[in-house]
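*Asks:* Next up is a structure, given as structure tokens.
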Amino acid sequence: MEPLTPTEQERYRRQMMLPGFTVESQQQLKATTALVTGVGGLGGTAALYLAAAGVGKLILVRGGNLQRDDMNRQILMTDDWVGQPRVFKAQETLQAFNPDIEIEAVCEYVSAENIDTLVQRADIALDCAFDFAERDLLNAACVRHGKPMIEAAMNGMEAYLTTIVPGQTPCLTCLFPEKPEWDRWGFGVIGAVPGTLACLAALEAIKLLTHLGEPLMGQLLTMDLARAEFAKRRPYHDPNCPVCGDRTRQTLSTQLSTIATPTRPIASR
Ligand SMILES: [Zn+2]
């Protein structure tokens, strides 16, 4: 892996002091490309903490323009940007925050046409999309290409988080065979709720990439933030899942089995 520059050694010094987090962990982050779908209260905040940690390349994907009622939670934005494409402001803010990493902005919604190309270019995906149509497309593409995906979703004061590794854990369709009826545009939100979930999602990605701690593999963390209640559940892994069923039935491929092995990095570039 590429060595760290003197600036990077200084920038990331405090996290490299953490037990279990080494120079190699940092180099692993540097060598990683992470795909983040959404740059709002959830995706934007998750991207900020991936940038802070030194993930070498971020691909941000989100269509649409900033609206003033996004401003209670979309912390990468500025008020004077209202009416302009969110994803370019997210890129600018993150690049100013950490000039040592590469940030690509894709001003598109996730679609059947673009998802395979995006996922193939990434080592890991963070699902921070605003609806289940985009979430399902990303999940299926991650399963097809054997890429891990951090699934972070919320509704009102409730939040859900898990780490999906195709062939090893349930996928999003196993978790939610029937989609919850969440209002695409309408639910109420206090910025600290997606912010909390986003920090946990970024941490899951960092843990999975660097083998720090124990990622939520096959476990669903549910959070009722109105009551500050957290619980872990072990969701059903459907062997006949229409999305991941074939992959689950296969013996784990060599590529995928490396992910849970502490000594082998999962990213490559
Ligand atoms: Zn599945």
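*Asks:* Calculated FRET efficiency, Glu24 and Ala96, Cβ-Cβ r, R0 22 Å, to nearest 0.05?
*Replies:* 0.20
*Asks:* Taking only the alpha-carbon atoms of region 32-257, what semi-axes of the equivalent ellipsoid follow from 5 times the gyration tensor eigenvalues under a square root, in whole Å, largest first?
*Replies:* Rounded to whole Å, the semi-axes are 26, 20, 17.
*Asks:* Starting with the fewest neighbours, write out Ile115, Ile101 ranked by other beta-carbon atoms found within 10 Å of each beta-carbon.
*Replies:* Final ranking by Cβ density, sparse to dense: Ile101, Ile115.
*Asks:* Further question on the same structure: How large is the dipole of the chain about the Cα centre if only Lys and Arg carry +1 and Asp and Glu carry -1, each at its Cβ, rounded to the nearest 20 debye?
*Replies:* Charge dipole of the chain: 620 debye, to the nearest 20.
*Asks:* Also, quick follow-up: Distance from the Cα centre of region 100-153 to that of region 30-58, in angstrom?
*Replies:* Rounded to whole Å, the Cα centres lie 12 Å apart.
*Asks:* Determine the dipole magnitude for region 23-103: charges of +1 sit on the beta-carbon of Lys and Arg, -1 on that of Asp and Glu, nothing else is charged, the reference point is the Cα centre, and the result goes in debye to the nearest 20.
*Replies:* 160
*Asks:* Using a Gaussian network model of the chain with C-alpha springs under 10 Å, which one of Ala46, Ala228, Ala125 is most mobile by mean-square fluctuation?
*Replies:* Ala228
*Asks:* Given the chain, what count of lysine pairs have C-alpha atoms under 17 Å apart, with each pair 8 or more places apart or on different chains?
*Replies:* Lysine pairs meeting the criterion: 6.
*Asks:* Moving on. Under unit Cβ charges (Lys, Arg +1; Asp, Glu -1), what dipole magnitude, rounded to 20 debye, does region 20-160 have relative to its Cα centre?
*Replies:* Charge dipole, region 20-160, about its Cα centre: 160 debye, nearest 20.
*Asks:* Given the convex hull over the Cα atoms of region 1-123, what projected area results after averaging over all orientations, in nm²?
*Replies:* Averaged projected hull area, Cα only: 8.1 nm².
*Asks:* Using a Gaussian network model on the chain with a 10 Å cutoff between Cα atoms, which of Met217, Met71, Met17 fluctuates the most?
*Replies:* Maximum fluctuation in the GNM of the chain, among the listed residues, is at Met17.
Bear in mind these aren't lab numbers, they're just calculated from the coordinates by the rules spelled out. Values in this document were obtained by computation on a predicted structure and should not be read as measured data. Neighbour counts are summed over all protein chains in view; Cβ atoms, including those assigned to glycine, are modelled from backbone coordinates with ideal geometry.
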